[in-house]
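Some notes on the structure that comes next.
What follows is calculated from the coordinates using simple rules that are stated; it is not laboratory data. Bear in mind the structure is a predicted one, so any value in this text is a computation, not a measurement. Here the Cβ is made from the backbone with ideal geometry for all residues, glycine too, and neighbour counts use every protein chain on show.
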Amino acid sequence: MATLHWQNPDVEVHKLVVGPVENNVFVVRCRLTGEAVLIDAANEHERLLELCTALGVRRVLETHGHWDHIQAVPAMREAGYEVGVTALDAPRLADVGYDVLLDDKEVIEVGRVRLHALHTPGHTAGSICFQVAETPLLFSGDTLFPGGPGATKFEGGDFDTIIRSIGDTLFALPDTTLVLPGHGNDTTIGAERPHLDEWIARGW
């Protein structure tokens, strides 16, 4: 498929860029069972529903509750897809709804694939990343991008907190970890780790 972004014998990742601020939407699919999960139902629900049908998506995981990441949630829920978000960011979905709460260090089963939830506050209080076991994949939401952390100027954001999340949690992962953010291009932990002190010094 044209949306295929990464694969190994066990896992495939599909990517769509949607909406006015070019959100990345990812589908993680177990190649052995055909089960899949969608990360961030951001926008353009018609395209997302088409992809979900084609790829066997069972549920939706939200990295955080900012408006640009949740525009397609109502349509996804109406179509029968369960939507999960952290308790701290659940109030941000008050208008669109959600179904389950995701916990720090929760292990999410997608067929035989396992996604490890990592609570990484700072962009929002309930921001969460997903690391795919036995792969180099990390879905970082708006916590880490090529060139620095996500914005912390919005309500609920905190720069010192996001720096701790990146330094203590994400930079504990191997250099070869492939970071797939909520906007823009991929990067790696190894490419970003040397710049942490620069980000602290500049303050954003």
(message) Rounding to the nearest 10 and keeping the result within 0 to 90°, find how far the Cα-based axis of helix 45-55 lies from the longest principal axis of the chain.
(response) 70
(message) Over 20 Å apart: what share of the alpha carbon pairs of region 36-113 falls there, rounded to a whole percent?
(response) 25
(message) Just to verify a number: FRET efficiency for residue 46 and residue 105, C-beta to C-beta distance, R0 = 35 Å, to 0.05?
(response) 0.50
(message) Going by amide H atoms built from the backbone, whose H comes under 5 Å of the H on residue 11, apart from near neighbours?
(response) 31
(request) Taking H placed 1.01 Å from N in the peptide plane, check which residues at least 5 places from residue 106 or on another chain put their amide H under 5 Å from its amide H. (result) 117
(request) When you have a sec, figure out the Kirkwood radius of the chain from all distinct Cα pair distances and drop it here in Å to one decimal? (result) 16.7
(request) Treating only the Cβ atoms of Lys and Arg (+1) and Asp and Glu (-1) as charged, compute the dipole magnitude of the chain about its Cα centre; round to the nearest 20 debye. (result) 320
(message) Restricting to Cα pairs below 8 Å that are 6+ residues apart, what does the relative contact order work out to for the chain? Please round to a whole percent.
(response) 14
(request) Using DSSP to define loop residues, name the chymotrypsin sites (Phe, Trp or Tyr not before Pro) in region 66-160 whose beta-carbon has at most 14 other beta-carbon atoms within 10 Å. (result) 154
(request) Kindly write out, for region 3-12 in residue order, the coupling ³J(HN,Hα) from the Karplus curve 6.51 cos²θ - 1.76 cosθ + 1.60 (θ = phi - 60°), rounded to whole Hz, with x marking Gly and Pro. (result) 8, 4, 10, 7, 7, 9, x, 9, 10, 10
(request) Apply the Karplus parameterisation 6.51 cos²θ - 1.76 cosθ + 1.60, with θ equal to phi minus 60°, to every residue of region 131-146 and state each ³J(HN,Hα) to the nearest whole Hz, in sequence, with x for glycine and proline. (result) 9, 8, 4, 6, 9, x, 8, 9, 8, 9, x, 9, 7, 9, 10, x
(request) Round to a whole angstrom and tell me the spacing of the C-alpha centers of region 109-124 and region 131-171. (result) 12
